[in-house]
1. Does residue 132 fit the bill of being modelled with pLDDT under 90 and either more than 18 Å from the chain's Cα centre (by Cα) or over 25 Å from residue 198 (Cβ atoms) (or both)?
2. Which of the residues spanning the range 197-217 are modelled with pLDDT of 90 or more and outside any helix (DSSP H, G or I)?
3. Collect the residues in the range 12-24 that are within 15 Å of residue 45 (Cα to Cα), outside any strand (DSSP E or B) and without any contact (Cβ under 8 Å) to a residue 40 or more places away in the chain, keeping them in residue-number order.
4. Which is open to solvent by less than 60 Å² (accessible area, probe 1.4 Å), farther than 17 Å from residue 107 by Cα and under 22 Å from the mean Cα position of the chain (by Cα), of 241, 195, 230, 205?
5. Every residue in the range 80-102 that is under 15 Å from residue 149 (Cα atoms) and either open to solvent by 60 Å² or more (accessible area, probe 1.4 Å) or outside any helix (DSSP H, G or I) (or both), please.
Amino acid sequence: MSQFYLQLNRSKTEIIVLGPSNVLREIDISGVALTQFTNIMFVSSVKSLGFRIDSRLQFDEQIVSLKKKCFHTIRNLRKIRQLLPESCMKLVVNSMVLSCLDYCNALYIGAGERQINQLQLIQNAASKVITGKFKYDHLGEDLTTLHWLDIRKRILFKIALLTYKAIIGTAPFYIQDMFKYAHHGHVIRLVTPFSNSKYGKRCFSHIAPRIFNRLPANISSAANVNEFKSKLKTYLFRLNSVEVDKLYS
């Protein structure tokens with residue numbers, strides 16, 4: 001580091017090991033000694049760009065932190081609900097709550113049902129603020145009325161959108177370089193890399209081609225981003241839970 005005029009900040013540098021529980025239990029060291037006076041400790045979770053990542057990729061700490069932040073915002077919005085029309089309240093909720101749910105939500109692919117349900121509780125509470133319902137009121141068709149995709153579909157939407165942008169060359173180069181193309185006439189198809197591990201199948205370079213290849217041809221061959229987003233959202237809205245499971249599998 002010294003040759004590049006960089007200095008290690010010991011108070012902000014941490015090491016995290018990702019893997020299943022049986023692998024993590026076999027690690028019997030607590031850190032790494034870089035120099036006589038510099039020890040970097042192993043930690044069970046780290047925070048990068050505002051997103052908490054734990055060693056087992058279950059995102060429990062991230063979701064707990066997100067729930068605390070979002071429900072605090074929702075409680076405050078309830079206090080001014082009567083002062084704003086529904087259209088304005090929807091705009092505020094979109095910018096202050098849903099934006100937090102959508103931040104880095106592609107990472108939630110492969111997360112457990114319990115974690116996804118916790119995220120869905122946040123979205124349900126946000127919709128009730130807009131429609132004027134109370135905490136224990138039945139949700140009904142509020143998400144459909146607001147034209148909101150549920151959490152699982154929002155994750156699929158984000159992954160498919162990032163993949164499409166990589167194909168047309170508007171995504172960052174490191175995302176574009178993840179994909180290889182298969183030749184199937186005029187239909188765009190991506191090669192899905194082989195993986196026989198649970199964590200490997202959650203990797204973006206593996207899951208993104210699988211999801212994109214299962215989209216209808218009229219969506220994957222859209223002329224531009226706006227057309228792709230519009231068709232994709234309409235398509236996802238029409239899917240039932242079984243069909244969504246097939247996209248995830």
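1. On the way: modelled with pLDDT under 90: yes; either more than 18 Å from the chain's Cα centre (by Cα) or over 25 Å from residue 198 (Cβ atoms) (or both): yes.
Yes; evaluated as a whole, the condition is true for this residue.
2. Matches in the range 197-217: 214, 215, 216.
3. Our first condition is that a residue be within 15 Å of residue 45 (Cα to Cα); within the range 12-24, this holds for 12-21, 24.
Now drop any that are not outside any strand (DSSP E or B), which leaves 12-14, 17-21, 24.
Within the range 12-24, 12, 13, 14, 17, 21, 24 meet the criteria.
4. Details: 241 fails: open to solvent by less than 60 Å² (accessible area, probe 1.4 Å); 230 fails: open to solvent by less than 60 Å² (accessible area, probe 1.4 Å); 205 fails: farther than 17 Å from residue 107 by Cα.
Among 241, 195, 230, 205, only 195 is open to solvent by less than 60 Å² (accessible area, probe 1.4 Å), farther than 17 Å from residue 107 by Cα and under 22 Å from the mean Cα position of the chain (by Cα).
5. Across the range 80-102, the qualifying residue is only 90.
The values are calculated or read from the model by the stated rules, or taken from the named source; none is laboratory data. As the structure is a prediction and not an experimental result, all values here were calculated from the model. In this analysis, Cβ positions are derived from the backbone assuming ideal geometry, glycine residues included, and neighbour counts consider all displayed protein chains. Accessible surface areas use protein heavy atoms only, side chains included; no ligands, DNA or RNA. Shrake-Rupley method; radii C 1.70, N 1.55, O 1.52, S 1.80 Å.
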